[in-house]
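Just so it is clear, none of the values below were taken in a lab; they were calculated from the coordinates. What you see is a predicted model; the values in this text were computed from it and never measured. As a convention, Cβ positions derive from the backbone with ideal geometry for all residues, glycine included, and neighbour counts pool all protein chains shown.
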Amino acid sequence: MLDVDSQKPPKGKWSTPPFDPRFPNQNQTRNCYQNFLDYHRCVKRMSRRGKSAQPCEYYFRVFHSLCPRSWVSRPRGRRRPAGGARVEGPVQLSRRPPPPRPPAPPQVQRWTEQIQEGTFAGKI
């Protein structure tokens, strides 16, 4: 049987996370979420103890490789910093305004007018 050190990837190389028997299925959404939670719990616990968060890097790398980029790169919103200090004031999230709606085709405009006039041929 292989020892734990031989199962670790070499420093600087990380292809995929190792198999986790808690999540044997193809859908790895729960695995992603669990590693996300474990990472933040680890960081919180280490900051309370005044130690380095270096051991938490494993969870960070796993959830970054399992989770879709849109989940990982999204701003965190109102999440507190690792030290637990409250952030003063509202948190501003940068959002782009929705693109302008294209004008309705002439048929739709005509149907709308007919509905308002009560002359629409269909059943409403």
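Arrange E57, E117 by Cβ neighbour counts within 10 Å, fewest through most, would you? Intermediate values should be presented prior to the final figure.
Working: E57 12, E117 8.
Listing E57, E117 from fewest to most nearby Cβ atoms yields E117, E57.
Taking the Cβ of V62 as the center, what net charge do the other residues with Cβ under 11 Å away carry, scoring Lys and Arg +1 and Asp and Glu -1? Could the numbers behind the result be given before it?
Values: positive: R61; negative: D20, D38, E57.
Net charge in that neighbourhood comes out at -2.
Can you put V108, V62 in order, fewest other beta carbons within 10 Å first? Walk me through the numbers on the way to the answer.
Numbers: V108 10, V62 22.
The most exposed by this proxy come first: V108, V62.
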